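None of the figures in this text is laboratory data; all of them are computed from the coordinates on show. Owing to the predicted nature of the structure, the values given are computational and were not obtained by experimental measurement. Backbone-built Cβ (ideal geometry, glycine too); neighbour counts: all protein chains shown.
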Amino acid sequence: MILPRLVFESLLNRRSTIVLTLITIAFSVALLLGVEKVRQDTRYSFSNTVSGTDLIVGARSGNLPLLLYSVFHIGNASNNISWQSYQHIRKNKKVAWSIPISLGDSHRGFRVLGTNSDYFKFYRHGNKQQLDFEHGKPFAALFDVVIGADVAKKLNYTLGKKIILSHGVGKVSFSDHDDKPFAVVGILKKTGTPVDRTVHVSLQAIEAIHLDWQTGYKNPAHAVSAKQALKLELEPKTITAFMLGLTSRLSVFSLQRSINQYSKEPLLAVLPGATLQELWSLFGLAESALLIITVFVVLSGLLGMLTAILASLNERRRELAILRSVGARPWHILVMLCAEAGLLTAGGIFVGVALYYLIIIAAAPVVETRYGLTLTLTGLSINNVCMLLITQVAGILIGLIPGIRAYRMALNNGITIRL
Amino acid sequence: MKNQFISIVMLMVLTACEEPVNSESLQATWEDLIQEGFTPKELILKYQIDTYEADDPRRMQLIRAMEEEWNSAPVNENLDNKKITLTGFIVPLEIESNAAYPTVSEFLLVPFLGACIHVPPPPANQLVYVKMESPIAMPNDGEAFSVTGIMKTESVNNELAEAGYNMKGLSLETFSNESLNPNTE
């Protein structure tokens, strides 16, 4: 059949205008795939961060804020919780292990996390993976610090580097704890979680750097030097939150209830899995809206193609007449125009997919540093393939409109063109 | 000869312990998870809390003692190793992040979700810790599911299972028929 070749040559002949239509469709396809990717990777990022933790406990605020600031370092705690409450709860026979954490300081835009050796022993991420060291080991001395992979990479830190911590969590800081320098003793392997962007110190270190900050600012009257601090007994008085692993997961609800009703202090205990579910149902509305907008963008791309083909139909009357004169039937004309639309859509999809992958490769590093979102390079999922197939079919169906028009023209005009 | 005898005996023992994989599953209700003699009705009768007036502190004492027993009630051994279907709500515990979309591999099956804080949470014998054979898609908020699996009852904690009801989840489906509530008698 000469039809495929005819279709291809016909499009090639009008390539200067066709190319623009192709690019429109390519952009809309890339957008469709991109939106789906952001949706997938956001969920992946969140679910990858914490694993095997039964309860997260902090000051009484709300489920989502507690999960966000304690695990994802998004937002800030409204209040700290007392060391006594932590000790009392971790001694409960239902508790298998616990990790205390203290937040509120930063280092050159990266959050500082105060914790103890239990963090390196019990924290799990991804699929129950432990934290591994690329270089060095956990902190031992008072002014030791362990940094995440992204911190080391961005700031070019190696073992032994001396750093200063800053008060507050801004991108820059004007209040440094510069009388107490820290030394990097460990660098963690990349995890793809907020751990990579965290600077870890001991709870005692957090107490030490705040010895002269008890009045809310750096008070020279209360200055304690680093050397003096080493001699002090620095048991923490408060922490920001703690994570719990239980001996039996079936006791999670009763322990959660007893923590929530703890009479000595207003505490809140959340289940990470259930809270993530809540977070995602919030996203759900925004994601649906985004998807609908993207569908409309694809539709407008296809309508642009329809306009282009319809507009050119008038000047192709002679061409169609010639085809009719060499033996083409009206239905051949119909099929030819549908095939043109189909081929154009296919070309647009192909270029769109290539564009989508190019954008991911180009944008991934920027997105990761700015938003902490890891864009993974994966093959097209079943969902994606379905969307592309629907787009292709839509393209062919849209081709029916100029196709039927041309079919009627061919029937009415015959070989002579009535101008 | 001796080796062959041992291997035959082992084969018999192993096949005897095989799980009922292809059998029909029992439709269970949350009441079935309570051991005989420990249902709320039976406990109320046992403790005879109605002998005292509503304001009487002795009634409060009896109610507290009754709640203690209710909370530590043993598991129903009759359900051990049975393939059952139980309808309830899912509280995700382990979320797998390797799929295109997050999936849930371990969850708690509970009789009600986010209930009022006026009453205590469900006791351990009204919860099932389910480990799915293959992870399921993240359930929508508040959706009820009928979960089918092999129930295992444990009296004490060990490395493989926890005290209470454990289930090896085989399949589940969304519970949609509103008129047919399987949890009422």
| So what is the orientation-averaged projected area of segment A:112-190, using the convex hull of its C-alpha atoms, in nm²? | 5.6
| request: List the GluC sites (Glu not before Pro) within segment B:38-96 that fall in a DSSP loop (any state other than H, G, I, E or B) and whose Cβ has at most 14 other Cβ atoms within 10 Å. | output: B:53
| query | For residue A:371 and residue B:10, what is the calculated FRET efficiency with R₀ set at 60 Å and r taken between the beta-carbons, to the nearest 0.05? | reply | 0.55
| note | For segment A:265-348 the translational diffusion coefficient, Stokes-Einstein from a Kirkwood Rh over Cα pairs at 20 °C and viscosity 1.002 mPa s, in µm²/s, is roughly 122
| Length added when fully stretched, residue A:154-residue A:64, from 0.36 nm per residue minus Cα-Cα | 29.4 nm
| request: Could you work out, for segment A:1-73, what percent of all Cα-Cα pairs fall into each 10 Å distance bin, beginning at 0 Å and stopping at the bin that holds the largest distance? | output: 14, 23, 17, 14, 12, 11, 8, 1
| query | How large is Rg over Rh for segment A:55-270, taking Rg from the Cα atoms and Rh as the Kirkwood inverse mean of 1/r across Cα pairs? | reply | 0.96
| request: Starting from segment A:213-289, pick out the GluC sites (Glu not before Pro) whose DSSP state is loop and whose Cβ has at most 13 other Cβ atoms within 10 Å. | output: A:233
| task | Order these peptides, A:369-382, A:389-402, by their mean beta-carbon neighbour count within 10 angstrom, highest first. | result | A:389-402, A:369-382
| field | Which of A:198, A:307 has the fewest Cβ neighbours within 10 Å, and the rest in rising order | value | A:307, A:198
| message | For the pair residue A:5/residue A:219, report the inter-label distance in nm, with labels modelled 7 Å from Cα in the Cβ direction. | response | 9.3
| request: Using amide H atoms built 1.01 Å from N in the peptide plane, name the residues 5+ places from residue A:74, or on other chains, whose amide H lies under 5 Å from its own. | output: A:69
| said: What distance in nm separates the two pseudo spin-label positions at residue A:286 and residue A:88, each 7 Å out from Cα along the beta-carbon direction? | reply: 3.8
| said: From the phi angles alone, apply the Karplus equation (6.51, -1.76, 1.60; θ = phi - 60°) to segment A:220-237 and give each ³J(HN,Hα) in whole Hz, x where the residue is Gly or Pro. | reply: x, 5, 9, 4, 10, 6, 4, 5, 5, 4, 4, 8, 7, 8, 10, 6, x, 9
| Structure shown: which of A:137/A:264; A:93/A:190; A:93/B:152; A:161/A:190; A:128/B:168 lie over 30 Å apart, alpha-carbon to alpha-carbon? | A:137/A:264; A:93/A:190
| task | Take A:338, A:386 and order them by how many other Cβ atoms sit within 10 Å, fewest up front. | result | A:386, A:338
| task | For residue A:121, list the aspartates and glutamates whose Cα falls under 20 Å from its own Cα; do not include residues on the same chain fewer than 8 positions away. | result | A:54, A:132, A:134, A:144, A:196, B:94, B:159
| request: Just check segment A:186-225 against the gyration tensor rule for me: Cα atoms, a ≥ b ≥ c as the square roots of the eigenvalues, rounded for a/c under 1.5, and otherwise prolate or oblate depending on whether a/b exceeds b/c. | output: prolate
| message | Please compute the average number of Cβ atoms from other chains found within 10 Å of each residue's Cβ in peptide A:43-49. | response | 5
| note | The FRET efficiency for residue A:78 and residue A:310, from their Cβ-Cβ distance with R0 = 56 Å and rounded to 0.05, is 0.40
| task | Mind checking A:31-38 for the average number of partner chain beta-carbons within 10 Å of each residue's beta-carbon? | result | 0
| field | At least 20 Å along the helix axis (C-alpha) and Kyte average at least -0.5, DSSP helices within chain A | value | A:15-49, A:272-313, A:330-371, A:382-398
| remark: Counting only DSSP loop positions in segment B:40-71, the chymotrypsin sites (Phe, Trp or Tyr not before Pro) whose Cβ has at most 15 other Cβ atoms within 10 Å are B:52
| request: Please give the average number of partner chain Cβ atoms lying within 10 Å of the Cβ of each residue in A:251-258, rounded to a whole number. | output: 5
| query | So, in nm, how far is label residue A:295 from label residue A:257 when the simple model puts each one 7 Å beyond its Cα toward the Cβ? | reply | 4.3
| said: I need two numbers for chain A: Rg to one decimal and Dmax as a whole number, Cα atoms only, in Å. | reply: 31.3, 105
| field | Förster radius 45 Å - calculated FRET efficiency between residue A:231 and residue B:52, Cβ distance, rounded to 0.05 | value | 0.10
